[in-house]
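First comes the structure, then the notes that go with it.
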Amino acid sequence: MACSKCEEKTVITLQHGDLCKNHFLNYFEDKVFKTINKFQLIGRKEKLCVATSGGKDSLTVLYLTKKYCEKYGIPADNLFALAVDEGIENYREKTLIDLDKFCKERLIPLKIVSFREELGKTLDKAYPIINKGSNKKPCNICGVWRRYALNKHAKKEGATKVVTGHNLDDEAQAIVMNIFKANTSLAGRLGPISGIQENNLFVQRVKPLYFCGEKEVRLYTFLKGFQVQFTECPYSKEGYRHHIQEMLNNFEHKFKGTKQGIVKSFLAMLPLLQEQEKNKEEKIELCGKCKEASNKDICNACQMKEVLQDA
Amino acid sequence: MQATVFNEKEQETKQIDFTGNSVKELLEYLNINPETVLVVRKGVVITEEESLQEQDCIELLSVISGG
């Protein structure tokens with residue numbers, strides 16, 4: 001089968017046609033840059049912290065953020081990569097090796113922080129203890145601690161934005177999860193720029209891959225020759241997200257454009273959700289323990305840390 | 001049709017014998033949703049509509065992140 005734009009062989013069939021390698025790469029990069037510009041994700045004087053894991057999404061977003069900076073004259077010194085080592089055996093150490101190599105080859109400074117140093121225990125050791133009293137799933141614990149560590153270290157390095165590799169599939173899953181669980185306040189925090197209002201205590205998180213499907217991202221890394229080995233988090237199947245992911249992939253296979261439809265409909269409703277949340281006037285203060293941002297006296301990360309200390 | 005299939009997610013290579021001659025039919029036989037894999041032959045990505053040859057060696061790369 002030939003590309004819709006030239007005679008070369010097709011590598012992907014999209015809703016609007018078939019694309020060969022070169023036309024796909026151009027289309028993908030153009031889509032990411034248009035997303036950055038349309039939603040003003042990156043300003044010319046920003047200091048950018050790219051949240052990385054060494055997986056396909058974060059390597060792609062790191063590579064394209066660097067390319068965007070070069071295109072728009074943002075100094076190379078304004079970009080660095082930040083990785084969080086959760087302490088999951090036979091998983092994270094493999095992706096961090098790929099990440100380190102990737103950053104060295106492209107002269108991107110990389111900072112790695114770990115749950116063990118930040119919170120006293122690896123996720124593997126903390127999960128059974130916290131789960132015992134709270135029934136919290138590993139993904140719940142990991143999510144809280146990751147956001148905590150990323151925000152803390154991004155701020156420490158003077159970053160004005162945290163760039164993440166969230167893609168269209170991640171966003172569609174999060175939207176559906178929040179609808180199924182009636183979490184309208186969490187839904188209001190989604191979108192290409194996370195969060196409802198700007199606050200100095202939080203570094204805003206932005207998502208340049210917002211309109212890129214997971215399959216497109218994997219294809220991009222393959223065609224660019226990025227070293228991405230498949231490693232599976234041993235906890236991933238325990239999460240609610242896994243079920244939603246499977247459901248949406250089945251839907252997408254039967255009804256092309258489902259994920260994009262979910263995200264586009266959501267974007268149309270997002271201003272209303274954000275307005276509703278703004279009216280609630282949630283107070284953001286400093287956590288009594290770690291002095292990081294929190295909407296309670298003690299932040300969620302420190303509450304879990306206390307459980308570990310008491311155990 | 002006979003083919004050798006390496007599944008990245010399972011880290012396993014299998015010899016299979018199925019009825020059909022396209023990538024689409026191969027994935028149906030293996031009960032794999034095309035949304036979740038890239039199909040590669042001789043280092044080149046091929047689409048669902050592509051025809052397969054007898055004794056082709058196929059790699060199925062996982063699209064879904066493991067995290």
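Points to keep in mind about this one:
- For the range A:74-95, the set of residues classified as touching an Asp or Glu at 6+ places or on another chain (Cβ under 9 Å), at pLDDT 90 or above and in a helix (DSSP H, G or I) consists of A:ALA76, A:ASN78, listed by residue number.
- Filter pass, A:LEU59 being under 26 Å from A:GLN260 (Cα atoms) and surrounded by fewer than 22 Cβ atoms within 10 Å (Cβ to Cβ): no
- Segments classed as helices (runs of 4 or more DSSP H), wholly inside the range A:192-302, with at least 2 members that are of a type in the set (Phe, Trp, Tyr): A:214-224, A:240-254
- Sub-6 Å Cβ pairs linking a first residue in the range B:5-18 that is within 14 Å of another protein chain (Cβ to nearest Cβ) and under 14 Å from B:CYS57 (Cβ atoms) to a second residue that is among the β-branched types (Val, Ile, Thr) and outside any loop (DSSP other than H, G, I, E, B), at least 6 apart or interchain, are B:PHE6/B:THR13, ordered by first then second residue.
- The residues of the range A:218-245 that are at the interface with chain B (Cβ under 8 Å from one of its Cβ atoms) and in contact (Cβ under 8 Å) with a residue 12 or more places away in the chain, listed by number, are A:ARG218, A:LEU219, A:LEU223, A:THR231, A:GLU232, A:CYS233, A:SER236, A:GLN245.
- Residue match in the range B:32-50 (condition: under 24 Å from A:ASP18 (Cα atoms) and away from chain A (no Cβ under 14 Å)): no
- Those strands (runs of 3 or more DSSP E) lying entirely in chain B with at least 2 residues surrounded by 16 or more Cβ atoms within 10 Å (Cβ to Cβ): B:2-7, B:37-41, B:44-46, B:56-62
- Looking only at residues of the range A:84-98 that are within 12 Å of chain B (Cβ to nearest Cβ) and closer than 11 Å to A:THR231 by Cβ, we find that the one that is surrounded by the fewest Cβ atoms within 10 Å (Cβ to Cβ) is A:ASN90.
- Residues being of a type in the set (Gly, Ala, Ser) and over 21 Å from the mean Cα position of the chain (by Cα) are entirely absent from the range A:149-171.
The values are calculated or read from the model by the stated rules, or taken from the named source; none is laboratory data. Here the structure is a predicted model, which means the values were calculated and not measured. Because the Cβ atoms are built from the backbone with ideal geometry, glycine has one as well, and the counts that use them run over all protein chains shown.
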